[in-house]
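Report on the following structure.
The values are calculated or read from the model by the stated rules, or taken from the named source; none is laboratory data. Note that this is a predicted model, so its numbers are computed, not measured. Virtual Cβ from ideal backbone geometry, glycine too; neighbours counted across all protein chains shown. Side chains are part of the model used for accessible areas, which takes the heavy atoms of the whole protein and leaves out ligands, DNA and RNA. Shrake-Rupley method; radii C 1.70, N 1.55, O 1.52, S 1.80 Å.
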Amino acid sequence: MMMLVDIFLDGLFAAMAAMGFGAISDPPLRAYRSIAILAAVGHALRFVLMTECGINIAIGSLCASLTIGFGALWLGKRIQTPITVLSIPALLPMIPGKYAYNMFFAQIMFLQNLDNIAGQQRYMEMFFFNSIVAITVIFVLAAGATLPILLFPKRTFSLTRKK
């Protein structure tokens, strides 16, 4: 029961963040519900894959971004909104901020330990570890959300046209 609450809360907080990110680009009002749904489903999926299935953050993010990309394709057609208006705000809560922060922290600490070889090695390892994770996750988020556009170009460009 507690796991279901954790999944729900993960999705809820991702939905709230995504709507905030979406508000920056001023989408139509009809898009907010879809942005929230996509963010909640995608983030909750990644959460479940990582916590229950033991999948790493990169593969979990790829599965979540594919879900968001294909979901944006489907929902975009229903509400006649471009796929990017829905998918980009939904993806933003999945940016690995902890790893990006730790990357810059390690860089600063490396520079503060120029006279300490052991400290330099420790912070250099920390820098590269966090850089690889952050860059990989950002890349798979972009790739997963872009794949539906590449697979269905005609459908993607016809989302805003009424039939």
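At-a-glance table
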| read-out | value |
| --- | --- |
| Cross-chain or 6+ apart pairs with Cβ under 7 Å, region 53-77 first and of a type in the set (Val, Ile, Thr), then surrounded by fewer than 16 Cβ atoms within 10 Å (Cβ to Cβ) and assigned to a helix (DSSP H, G or I) | none |
| Whichever residue in region 77-88 is among the β-branched types (Val, Ile, Thr) and under 18 Å from the mean Cα position of the chain (by Cα) and, among such residues, is surrounded by the fewest Cβ atoms within 10 Å (Cβ to Cβ) | Thr84 |
| Verdict on Leu114 being in contact (Cβ under 8 Å) with a residue 60 or more places away in the chain and of a type in the set (A, V, I, L, M) | no |
| Residues that are aliphatic (A, V, I, L, M) and open to solvent by 60 Å² or more (accessible area, probe 1.4 Å), drawn from region 6-17 | Leu9, Leu12, Met16 |
| Some residue of region 57-71 being of a type in the set (A, V, I, L, M, F, W, C) and more than 18 Å from the chain's Cα centre (by Cα) | no |
| Residues of region 119-141 classified as of a type in the set (S, T, N, Q) and loosely packed, with under 14 Cβ neighbours inside 10 Å, total | 1 |
| Filtered residue count, region 61-76, keeping only those that are modelled with pLDDT of 95 or more, open to solvent by 20 Å² or more (accessible area, probe 1.4 Å) and out of contact with any Gly (no Cβ under 7 Å at 6 or more places or on another chain) | 2 |
| Flag if Thr81 is in contact (Cβ under 8 Å) with a residue 12 or more places away in the chain and outside any helix (DSSP H, G or I) | yes |
| Filter result (surrounded by fewer than 19 Cβ atoms within 10 Å (Cβ to Cβ), assigned to a helix (DSSP H, G or I) and among the small types (Gly, Ala, Ser)) within region 37-60 | Ala58 |
| Asp115 vs. criteria assigned to a loop (DSSP other than H, G, I, E, B) and open to solvent by 10 Å² or more (accessible area, probe 1.4 Å) | yes |
| Residues satisfying the stated conditions in region 89-106, i.e. within 10 Å of the chain's Cα centre (by Cα) and either farther than 20 Å from Ala44 by Cα or surrounded by fewer than 20 Cβ atoms within 10 Å (Cβ to Cβ) (or both) | Leu92, Ile95 |
